[in-house]
Structures are given as structure tokens and as C-alpha cells.
Amino acid sequence: MSQPTPTTTRSRRELRAWRNAVFVIFILSGLAMATWVARIPGVRDDLGLGRDPSAVGLLILGMSVGAIIGLSVSSLVMVRFGPHKGMVGGLTIVAIGTLLIGFGSSVFHAVPLVAIGLILLGFGNGMVDVMMNVEGTAVEREIGKTLMPLMHAFFSFGTVLGAGIGAAAAALHIAVAWHLAVIAVLMVAVALFAIRFIPREAELGDETEAQPRMPFGQRLRASLAVWADWRLILIGVVMLGMAFGEGSANDWIALATVDGHGQQNSTGAVVFGFFVAAMTVGRVLGGPVVDRIGRVTAIRVTAAMGVAGLLLFILGGPLWVVVVGTVLWGFGVSLGFPLGMSAASDGQDNPAARVSAVAIIGYCAFLVGPPLIGFLGKEFGIVLLVASFLAAPAVRPVAERRARAATPATE
């Protein structure tokens with residue numbers, strides 16, 4: 001019903017290779033984040049920080065600051081170098097940061113070195129987050145099927161892979177430095193291999209032989225001009241609510257299950273697992289469903305599920321009510337972010353700048369959401385999910401909007 005229109009002259013084999021290469025970039029981004037998270041206890045012990053969570057919290061804050069800076073400069077980097085070079089450069093920065101974290105903790109036992117590594121990890125991954133979404137929307141348009149939810153599911157697969165490797169490394173008492181060094185080298189090697197299958201696209205800002213690059217100033221003005229588009233801002237509202245709900249859940253569900261609903265720590269971890277599983281399933285299955293029912297209906301249905309899930313989780317009661325609420329919450333936030341990316345790139349000039357703009361909105365909400373929840377309460381997430389529901393018409397494909405405008409009597 002709302003499938004992207006194919007725009008390609010490439011062979012199916014070339015398109016499949018391009019798509020799979022972008023899947024790999026999403027996996028690497030998730031792998032990088034989960035590798036650090038899985039070894040936080042080991043890093044803490046190597047640095048002798050004791051059991052005080054505030055010290056580790058300051059280190060994590062450094063990574064968040066780096067990520068926000070990376071998101072902010074991603075448009076400039078992409079305008080200057082294009083996503084083809086930008087993704088490899090960003091993942092190389094991530095790898096350097098990962099190396100500094102590992103050797104800073106296990107070899108040099110230096111908190112400043114680990115802090116610099118975390119800033120670089122956040123900075124590089126922030127840039128890659130935007131660029132891989134730009135590239136993902138490009139291959140989605142070329143193939144003509146909704147792929148962005150599945151691409152975000154591959155990010156989740158990367159986090160599962162990173163967490164599993166991290167757990168195994170910790171269980172085998174492998175030093176943090178050597179574990180993170182292997183992951184860093186692996187990321188760069190795999191990124192260099194995968195990028196060979198991603199074509200250079202002048203439309204995205206890559207340098208190509210067939211088309212000379214526009215002057216930097218002209219490209220920069222075109223990149224900034226998209227922020228004046230009201231439809232893009234409404235798409236950002238959809239993503240804001242969904243990303244806020246996802247980011248807050250990641251940091252607060254386990255704790256709220258324990259402190260708010262009187263459950264054991266292990267139960268809190270299991271409940272969080274239900275959320276991650278529901279969100280991943282929603283993204284794996286979401287593409288074909290969206291192609292059948294349309295983006296607008298998909299956003300409205302999932303936003304309604306998210307509101308219902310949050311209400312059940314907040315009100316609580318028996319554990320099964322909390323679990324059902326968590327599952328609905330996970331399904332509810334599963335599609336808004338990737339569908340917002342698709343909508344931003346659909347049928348408009350300068351798709352790279354448009355996707356970059358909404359990606360910045362979404363990822364900033366993802367990063368800022370968790371601390372804000374502590375001040376504003378979980379109920380604020382309901383307000384933003386309702387806003388996503390109301391702004392859903394903004395994600396309607398441009399071709400469908402034009403058809404509706406030509407036949408105003410047809411709903």
C-alpha cells in the first residue's frame with residue numbers, strides 16, 4: 001500500500017549486496033555499543049572505582065556528550081565527505097575509542113584515557129548512526145520495499161552479539177584490553193570489506209566520477225534549508241515520541257520493575273528482556289506489515305499500543321500485567337523511528353539532508369530521554385506517544401499525498 005517506488009537500474013544481485021552491506025554497518029554500530037556496556041563492570045574494577053555508581057555515571061556521560069556532538073556535526077561531515085567515506089571514518093573513530101577504553105582500563109589504569117575513549121566512541125557512533133540511516137533509506141528507495149525496520153533490527157542483532165561476546169569474554173577472564181582490541185580490529189576490517197559493496201551516490205553527497213561535487217557552501221546551505229519544511233518537523237515529532245519511549249525504556253524498565261513493582265533484580269532484567277524482544281520482533285516483521293497497511297496506520301496502531309503498554313506498566317498490579325504492558329510498549333516504539341527515516345527521504349530533493357535532520361531529532365531524544373524521565377516521570381512518555389499518533393499523517397508517502405490531493409473526495 002505504501003511501498004517505496006523502485007528507482008533503480010541496478011541488478012538484483014547488486015541491490016542485494018548493497019542492502020546486506022548496510023545491514024552489516026547497522027550490526028557494527030550495535031556491536032560497538034554493546035561491547036562497552038557488557039564490560040562496564042570489568043572496566044570499573046580495572047580502574048578501581050569501587051561500587052560508587054557516580055564515577056561510572058560520569059564516564060557514561062562523556063560518551064553521551066560525544067554522541068550528541070557526533071550527531072550535530074554528522075551533516076557537516078556528510079556534506080564534506082559523503083556517507084561512503086563518512087561511515088568508514090566514523091567506525092574507525094569508534095575503533096580507536098574502543099582501543100583507548102580497553103588499554104586505558106586494563107593496561108594503564110587511567111580514568112582520563114578511558115574517558116577520552118568513551119567520548120570518541122560516542123562521537124564516532126553518533127556520526128555513523130546518521131549516515132547509515134541515510135544509506136539505508138537510499139537502498140530502500142532503490143529496492144522499492146520497506147526495509148528500514150529490518151535494518152534497525154540488525155542494530156539490535158549487533159547489540160545481542162556484542163553482549164554475548166562480552167559475557168563470554170568476562171566468563172573466560174579475558175582482559176578488557178584484549179577483548180576490546182579484537183573487536184576494534186574486527187570492526188575496521190569488516191567495515192572496509194562491507195563498504196566495497198555500497199555504491200557511491202552523488203545524491204547522498206558522495207564523490208563520483210560521473211558527477212562533480214557541488215561547492216561546499218552550496219551543499220551546506222541546501223543541508224540547512226530542509227529545517228524550514230513543516231512536514232519534516234512533524235516527522236521529527238513522530239520520531240521524537242518513539243525514540244524518547246525507546247531510550248527511556250532501555251534505562252528505566254528494569255529499575256522501575258524492581259523499585260516500582262517490588263520485584264527482584266533478576267525479574268527486572270527478565271522484564272527488560274521482554275521489551276527488547278518485542279521491539280526486535282516488531283522491527284523484523286514490520287516491513288511487510290507496513291507495505292500492506294501503510295505508514296500512517298502503522299504509526300497510529302503502534303503508538304496506541306505504546307500508550308496502552310505504558311499505562312499498564314505504570315498502573316502495575318500482578319506481574320503478568322507489567323509484562324503485558326512491557327511487551328506492548330516494545331511493539332509500540334518499534335516502528336516509529338525507522339519509518340520516520342523512510343518518510344523523510346521519500347520523494348523529495350536532498351534526501352540525505354532530510355534524513356540527517358530527523359535522525360538528529362530522533363537520536364537526541366533517544367539520548368536525552370532517559371535523564372528527562374527521571375525528572376518528568378514516565379507519564380511524560382505517554383504524552384509524546386500521543387503526539388506521535390497525532391503527527392502520523394506526516395509520514396504518508398509523497399506519491400500517496402499527491403494522489404489524495406488530486407482526489408479530495410476519496411479518503
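Overall, the accessible surface of the chain at a probe of 1.4 angstrom is composed of carbon and sulfur to the extent of 69 percent.
Under a 1.4 angstrom probe, counting protein chains only, how are H173, H109, H84, H261 ranked by accessible area, largest first? Provide the component values of the computation, followed by the final result.
Details: H173 165, H109 105, H84 20, H261 40 Å².
Largest accessible area first, the list is H173, H109, H261, H84.
Largest GNM mean-square fluctuation across D259, D129, D206, computed for the chain with C-alpha springs under 10 Å, falls on D259.
Could you sort W227, W18 by their accessible area in this structure, using a 1.4 Å probe and putting the largest first?
Values: W227 105, W18 0 Å².
Highest to lowest solvent-accessible surface, that is W227, W18.
With +1 on each Lys and Arg Cβ and -1 on each Asp and Glu Cβ, and nothing else charged, work out how big the dipole of segment 108-206 is about its Cα centre, in Debye to the nearest 20.
Values: 4 positive and 7 negative charges, 55 e Å.
Approximately 260 debye in magnitude.
Computed with a 1.4 Å probe over protein heavy atoms only, the accessible surface of the chain comes to 43 Å² per residue. Could you grab the relative contact order for the chain? Cα pairs under 8 Å, six or more apart, rounded to a whole percent. It rounds to 23 percent for the chain.
Shown in residue order for segment 144-149 are the 3J(HN,Hα) couplings computed by the Karplus curve 6.51 cos²θ - 1.76 cosθ + 1.60 at θ = phi - 60°: x, 10, 6, 10, 4, x Hz (x for Gly and Pro). Rg over Rh for segment 1-118 works out to 1.11, both radii taken from alpha-carbon positions and Rh defined as the Kirkwood radius.
How big is the dipole moment of the chain about its Cα centre under a simple scheme where the beta carbon of each Lys and Arg is +1, that of each Asp and Glu is -1, and everything else is neutral? Debye, nearest 20, please.
780
Computed 3J(HN,Hα) for segment 333-346, one whole-Hz value per residue from the Karplus formula 6.51 cos²θ - 1.76 cosθ + 1.60 where θ = phi - 60°, is 9, 6, 10, x, 5, x, 5, x, 4, 4, 5, 5, 8, 7, glycine and proline marked x. The phi-based Karplus calculation (6.51 cos²θ - 1.76 cosθ + 1.60; θ = phi - 60°) puts the 3J(HN,Hα) values of segment 176-192 at 4, 4, 6, 4, 5, 5, 5, 5, 4, 5, 4, 4, 5, 5, 5, 4, 5 Hz, whole numbers, x for Gly and Pro.
Mind running the shape call on segment 70-182? Use the C-alpha gyration tensor, a ≥ b ≥ c as the square roots of the eigenvalues: rounded below 1.5 for a/c, prolate if a/b tops b/c, oblate otherwise.
The shape class here is oblate.
Estimated from helices alone, the mean residue ellipticity of the chain at 222 nm is -28000 deg cm²/dmol (sum of -39500 (n - 2.57) over DSSP H runs with n ≥ 4, per residue).
The values are calculated or read from the model by the stated rules, or taken from the named source; none is laboratory data. Everything numeric in this text was worked out from a predicted model, so none of it was measured. Here the Cβ is made from the backbone with ideal geometry for all residues, glycine too, and neighbour counts use every protein chain on show. All accessible areas refer to the heavy atoms of the entire protein, side chains included, with ligands and DNA or RNA removed. Shrake-Rupley method; radii C 1.70, N 1.55, O 1.52, S 1.80 Å.
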